[in-house]
1. Name every residue in segment 182-192 that is under 29 Å from D131 (Cα atoms) and either outside any loop (DSSP other than H, G, I, E, B) or in contact with an Asp or Glu (Cβ under 9 Å, 6 or more places away or on another chain) (or both), in order of residue number.
2. Which of the residues that make up segment 1-41 are closer than 26 Å to D159 by Cβ and at pLDDT 95 or above?
3. Could you tell me how many of the residues in segment 150-166 are outside any strand (DSSP E or B) and touching a Ser or Thr at 6+ places or on another chain (Cβ under 9 Å)?
4. Go through (1) modelled with pLDDT of 95 or more; (2) surrounded by fewer than 21 Cβ atoms within 10 Å (Cβ to Cβ); (3) polar (S, T, N, Q) one by one and return the number of the condition S67 breaks.
5. Just to be sure before I move on: is D159 in contact with a strand residue (DSSP E or B) (Cβ under 7 Å, 6 or more places away or on another chain) and open to solvent by 20 Å² or more (accessible area, probe 1.4 Å) in the structure I sent?
6. Which pairs have Cβ atoms under 6 Å, sit 6 or more apart or on different chains, and link a residue in segment 169-181 that is part of a helix (DSSP H, G or I) to one that is β-branched (V, I, T) and surrounded by fewer than 19 Cβ atoms within 10 Å (Cβ to Cβ)?
7. Which one is surrounded by the most Cβ atoms within 10 Å (Cβ to Cβ), of the residues in segment 12-47 that are closer than 16 Å to I129 by Cα and among the hydroxyl-bearing types (S, T, Y)?
8. If you take the residues of segment 96-149 that are free of Cβ contacts under 8 Å to residues at least 40 places away in the same chain and outside any strand (DSSP E or B), which of them is surrounded by the most Cβ atoms within 10 Å (Cβ to Cβ)?
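The values are calculated or read from the model by the stated rules, or taken from the named source; none is laboratory data. Since the structure is predicted, the reported quantities are computational estimates derived from the model, not experimental observations. Neighbour counts run over all protein chains shown; Cβ positions are idealised from the backbone, glycine included. When the accessible area is computed, the model is the full protein with side chains, heavy atoms only, and any ligands, DNA or RNA have been set aside. Shrake-Rupley method; radii C 1.70, N 1.55, O 1.52, S 1.80 Å.
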Amino acid sequence: MCGRNSLFVDQADLEATFDATLVADGGYKPRYNIAPGDDLEVITTEAPDEIDRFHWGLVPPWADDPSDGIINARSETVDEKRVFQDAWASRPCLVLSSGFYEWQAANGGPKQPYRIYREDAPAFAMAGIYDEWTGDGETLSCVTILTTEPNDLMKPIHDRMPVVLPQGSTERWLSAGPDERLDLCQPYPEDDLDAYPISRRVNDPSNDSPQVIEPEDHEQSGLGDFDGR
């Protein structure tokens, strides 16, 4: 799954990386701990040259409240779920990231958080779909992140991972039809993803500072050797 995100690259670098201009209300603020219900920077198929900001959690049309938003969608079944069908058919988007976080079970003790990022890029794109929810007189643009099976890096940490798009696939994701997009929903194939343990301060969404991404103090010999201490 993907339950926490970050985006803290310089705005000029962000716009240059995706060849798009930030248009989101309120300007750009680096974020180190973006939680469900917060806003995510996105690029949509309708405006591929603009970076906007949508609510994290795709809200079903029948929901009474935005807090009922769904933050992740399994790519293997996204076309079968009524809540996602319209968005999947015609509203793909890129969810921009400087790195996401996942928690590794630790022998019955507190879960160990990890930061997962791309070594060769200050920002990258995860696959998403978006929709609009209307309720209580407001219209809310909302987004969910697609997930897939873990690659070799992620297997010791979690049994799911977001669909991280290789650099050459972002335009294709926005322009392709559902069948071709489904083919892109694969475990990240490149070897430029890396991961390291961080402190549990990330567990509290109010902690939103560079300290969140600092490596955990203790050393380990490998992801699979973590002993929960």
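1. Going residue by residue through segment 182-192, those that are under 29 Å from D131 (Cα atoms) are 182-189.
Within segment 182-192, L182, D183, L184, C185, Q186, P187 meet the criteria.
2. Hits for segment 1-41 are R4, N5, S6, L7, Y32, N33, I34, A35, P36, G37, D38, L40.
3. Qualifying residue count for the region: 2.
4. (1)
5. Numbers: in contact with a strand residue (DSSP E or B) (Cβ under 7 Å, 6 or more places away or on another chain): no; open to solvent by 20 Å² or more (accessible area, probe 1.4 Å): yes.
Answer is no for this residue.
6. Sorted first by the residue in segment 169-181, then by its partner, the pairs are L174/T45.
7. T44
8. This residue is E149.
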